[in-house]
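The values are calculated or read from the model by the stated rules, or taken from the named source; none is laboratory data. The model shown is predicted, which means the values in this text are computed figures rather than measured ones. Heads up, the Cβs are rebuilt from the backbone with ideal geometry, glycines too, and the neighbour counts pull from every protein chain shown.
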Amino acid sequence: METYKLLSSLPLAYLHVFSYSKRKGTPADKMPNQVPKDTKHARMVQLTALSDKLQQSYRQRLIDSQTVVRGVVELHTENGCEFLSDHYLRVEIDKQIPVGELASTIIS
């Protein structure tokens, strides 16, 4: 909960969440008091939900400030194309821009 509270208090855009997996032969493999698998999973679920909340809040701040985002088009969609922006958000726009080309838009 200390980690959760700390991360909740920071102005982060997202969290890269994963659970620790023991690796044979590493010092951590032999450490006492290993965290049980269900506890690790429950913590991962909590932090993933927090990450979603942080990302929505971050996206809303960018929308409110009418931020222009840019990125390289990765794929075409039914209505346009999609890219991962320089703000690390997935963005879909209603223009057909060739894959590999730079696209920009005011985030919405």
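Here are some notes:
- Whichever residue in region 53-76 is among the polar types (S, T, N, Q) and either within 12 Å of Ala103 (Cβ to Cβ) or in a helix (DSSP H, G or I) (or both) and, among such residues, is nearest to the chain's Cα centre (by Cα): Gln55
- Of the residues contained in region 39-46, one or more are found to be closer than 22 Å to Ser8 by Cα, over 20 Å from the mean Cα position of the chain (by Cα) and assigned by TED's automatic domain parsing to the domain that holds Leu7.
- Exclusive hit being assigned to a helix (DSSP H, G or I), surrounded by 15 or more Cβ atoms within 10 Å (Cβ to Cβ) and of a type outside the set (Asp, Glu), set Leu6, Leu50, Leu15: Leu50
- All positions within region 78-108 that are free of Cβ contacts under 8 Å to residues at least 12 places away in the same chain and either under 19 Å from Thr67 (Cβ atoms) or not in a loop (DSSP other than H, G, I, E, B) (or both): Glu82, Arg90
- Looking only at region 53-67, residues that are surrounded by fewer than 13 Cβ atoms within 10 Å (Cβ to Cβ) and hydrophobic (A, V, I, L, M, F, W, C) come to 1 in all.
- Looking only at region 80-91, and only at residues there that are more than 17 Å from Tyr58 (Cβ to Cβ) and not hydrophobic (A, V, I, L, M, F, W, C), the one that is nearest to the chain's Cα centre (by Cα): Glu82
- When region 20-47 is filtered for residues that are surrounded by 13 or more Cβ atoms within 10 Å (Cβ to Cβ) and more than 30 Å from Ser108 (Cβ to Cβ), the ones remaining, listed by number, are Gln34, Lys40, Arg43, Met44.
- Across region 18-40, the qualifying residues are those that are of a type in the set (S, T, N, Q) and either touching a residue at least 24 places away in the same chain (Cβ under 8 Å) or in a loop (DSSP other than H, G, I, E, B) (or both), and the one among them that is nearest to Thr3 (Cα to Cα) is Ser19.
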